[in-house]
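**Q** After the structure tokens below, expect a handful of questions from me.
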Amino acid sequence: TDQKLGNIIIQADHISKTYDHCIFKNLDLSLRKEDRLAIIGPNGCGKTTLLNVLTKQIEPDTGSVVIGKNTSIAFLSQHRQELDPNKTVYDAIGDGDFVYVNRQPVHKRGFLASFLFDVAEQDKKIGSLSGGEKCRLLFAQMMCSNANLLVLDEPTNDLDIDSLQTLENAILNYNGSALFVTHDRFLINRIATAV
């Protein structure tokens, strides 16, 4: 069962996973509060599988994964979750006029502006947004979800330079942990505490 682990967000002991070949074997990993761990490797090597095992979406073949009792996970997959195309950008991040970021109330207009959505864009329907804009909106949703672990699978796909900088700054100012898969060396150098 899950348990309170103090500063431990995820504890993996001797985990292994094999499909048609061994993806990883006897892996031990501890993710602690405020760690930002980058997972790198070539396409098809099993990075997403490792994320899914660490977040208990799939079971390891051997070993165990324990997620801290107080761990709350926000997940951004490389396939991107669906957003309601009929909602506006403003409505997509919750009811009311305020969101809570790092447990502090922030007005939604200003919060969305920090993700490069000016006031006019905040009233746009999600169905009219580009792929990069949708990604920024999904990331904004994650940042005000009160999760203490961000799990990001290829977060820089579809992002332009301004969006990349917004993503980097948001993660750097985030008070929780992050577990992310990326090929973006600049992102790794900027935000990872371990690789």
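The values are calculated or read from the model by the stated rules, or taken from the named source; none is laboratory data. Remember, it's a predicted structure, so these values are computed and weren't measured experimentally. Counting neighbours? That spans all protein chains shown, and the Cβs are built from the backbone with ideal geometry, glycine included. Keep in mind that these areas ignore ligands, DNA and RNA; they rest on the heavy atoms of the full protein, side chains included. Shrake-Rupley method; radii C 1.70, N 1.55, O 1.52, S 1.80 Å.
**Q** Pairs on different chains or at least eight residues apart, Cα atoms closer than 14 Å: how many lysine pairs in the chain fit?
**A** Within the chain, the lysine pair count is 13.
**Q** With the alpha-carbon atoms as the only input, what is the per residue convex hull volume for the range 1-113 in Å³? The partial results should precede the final answer.
**A** Details: hull volume 17.8 nm³, N = 113.
Hull volume normalised by residue count: 158 Å³.
**Q** Go through L116, S177, V106 and say which Cα lies farthest out towards the positive end of the charge dipole of the chain; charges sit on Cβ, +1 for Lys and Arg, -1 for Asp and Glu.
**A** S177
**Q** Now for a separate question. Can you tell me the order of 119-128, 50-59 when each peptide is scored by its average per-residue count of other Cβ atoms within 10 angstrom, highest first?
**A** Averaged packing, sorted descending, gives the order 50-59, 119-128.
**Q** Percent of Cα-Cα pairs per 10 Å bin, from 0 to the last occupied bin, for the range 130-195, please list those.
**A** 21, 61, 18, 0
**Q** With every protein chain present, what is the per residue accessible area of the range 114-195 (1.4 Å probe, Å²)? Could the numbers behind the result be given before it?
**A** Working: 3390 Å² over 82 residues.
Accessible area per residue, the range 114-195: 41 Å².
**Q** Are there chymotrypsin sites (Phe, Trp or Tyr not before Pro) in the range 9-113 that DSSP puts in a loop and that have at most 12 other Cβ atoms within 10 Å, and which ones?
**A** Working: sites: Y19, F24, F75, Y90, F98, Y100, F111; in loops: Y19.
Taking the range 9-113 and a limit of 12 other Cβ atoms within 10 Å, the loop chymotrypsin sites (Phe, Trp or Tyr not before Pro) found are Y19.
**Q** Keeping the other protein chains in place, figure out the carbon and sulfur percent of the accessible area of the range 1-66, with a 1.4 Å probe. Don't jump to the answer; show the numbers that get you there.
**A** Values: 1730 of 3730 Å².
Its accessible area is 46 percent carbon and sulfur atoms.
**Q** Could you state the orientation-averaged shadow area of the convex hull built on the Cα atoms of the range 36-76, in nm² to one decimal? Don't skip to the end; give the middle numbers.
**A** Details: hull surface 15.1 nm².
Value for the range 36-76: 3.8 nm².
**Q** Sticking with this one: Over all directions, what mean area does the Cα convex hull of the chain project, stated in square nanometres?
**A** Values: hull surface 45.1 nm².
Convex hull of Cα atoms, orientation-averaged projection: 11.3 nm².
**Q** Output the Kirkwood hydrodynamic radius of the range 85-134, Cα pairs only, in Å rounded to one decimal. Write out the running numbers ahead of the final one.
**A** On the way: mean 1/r = 0.0899 Å⁻¹.
Taking every pair of different Cα atoms in the range 85-134, averaging 1/r and inverting gives 11.1 Å.
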